[in-house]
1. Mind checking the full-extension length gain between Leu145 and Asp67? Use 0.36 nm per residue of separation minus the Cα-Cα distance, one decimal, nm.
2. Against the globular-protein guess of 2.2 N^0.38 Å, express the Cα radius of gyration of segment 71-160 as a ratio, rounded to two decimals.
3. Suppose all protein chains stay in the model; what accessible area per residue would a 1.4 Å probe give for segment 113-228, in Å²?
4. Looking at the chain as a GNM with Cα springs under 10 Å, which of Val26, Val175, Val204 has the largest mean-square fluctuation?
5. For Met205 paired with Leu81, estimate the spin-label separation in nm (one decimal), with each label point 7 Å from Cα along the Cα-to-Cβ line.
6. So what's Rg/Rh here for segment 1-68, counting alpha carbon atoms and using the Kirkwood radius for Rh?
7. Compute the angle between helix 30-54 and the longest alpha-carbon principal axis of the chain, please, reported from 0 to 90 degrees and rounded to the nearest 10.
8. Could you pull the Rg and Dmax for the chain, using just the Cα atoms, both in Å?
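The values are calculated or read from the model by the stated rules, or taken from the named source; none is laboratory data. Not measured: the values here are computed from a predicted model. Glycine gets a Cβ as well: all are built from the backbone with ideal geometry, and neighbour counts include every protein chain shown. Note: areas computed on protein heavy atoms with side chains; ligands, DNA, RNA excluded. Shrake-Rupley method; radii C 1.70, N 1.55, O 1.52, S 1.80 Å.
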Amino acid sequence: MTEVLGTQPAPELWLVIATAVAALAVTLPRAIWRLSRNAITIAHEGGHGLIALVTGRRLQSIRLHSDTSGLTVSRGRPSGLGMILTAAAGYTAAPLLGLGGAWLLAAHRITLLLWVATALLLVMLVMVRNAYGIFTVLLTGAAFLLVSWLTGPDVQSAFAYSVVWFLLVGGVRPVFELQGKRRHGGAPDSDADQLARLTHVHPVMWLFLFHAVSICSLIGGGRWLLGL
């Protein structure tokens, strides 16, 4: 427990920059993004599920699909603050998780970050209801667990910084993708459109909020990771 809650040495600046480049390398190319986006979908649907529970809704199921889409179903009032927060949690989840991870890394709590991430994935696994979703969450959780148990500080640092950079960088792209789909008449039942129906605020304003959260998280988290 002391090792988990304690601090670890900060990595060299070159490693921090190298992991940022690695995050860009798995986010920008479309072919690689089709695979790596699954991790962002886990964060997205996990965000819906976590806020549903926090706001008193009854979480029924989470599904993750091979096309990187997902669906989280919760029961409760069909309107109100709880439903609004639950709907807004998806596109903001990955950036905010990245920001929280950057804060932990800036405090040199690398091991704690790895174990917290593992615990969140295990909790999410209980609510996943389809085979592909179980496979992807198990695979991701196993990666965190193996790195935490079997590797030394250098490997743990590289892994943790790569994950956090990916959440920060990868959390930006889905909002632009959603904006593009809506511009061409797609995604009529997106989170932004659901929020518009719940709040009578135009979907563009919700897109603006998603952009603001993701970009500000990237800037703030990036400054923490780089020690600026």
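1. Here the answer is 25.5 nm.
2. 1.28
3. 52
4. Of the options given, Val204 has the highest mean-square fluctuation.
5. 1.8
6. 1.13
7. 70
8. 17.4, 53
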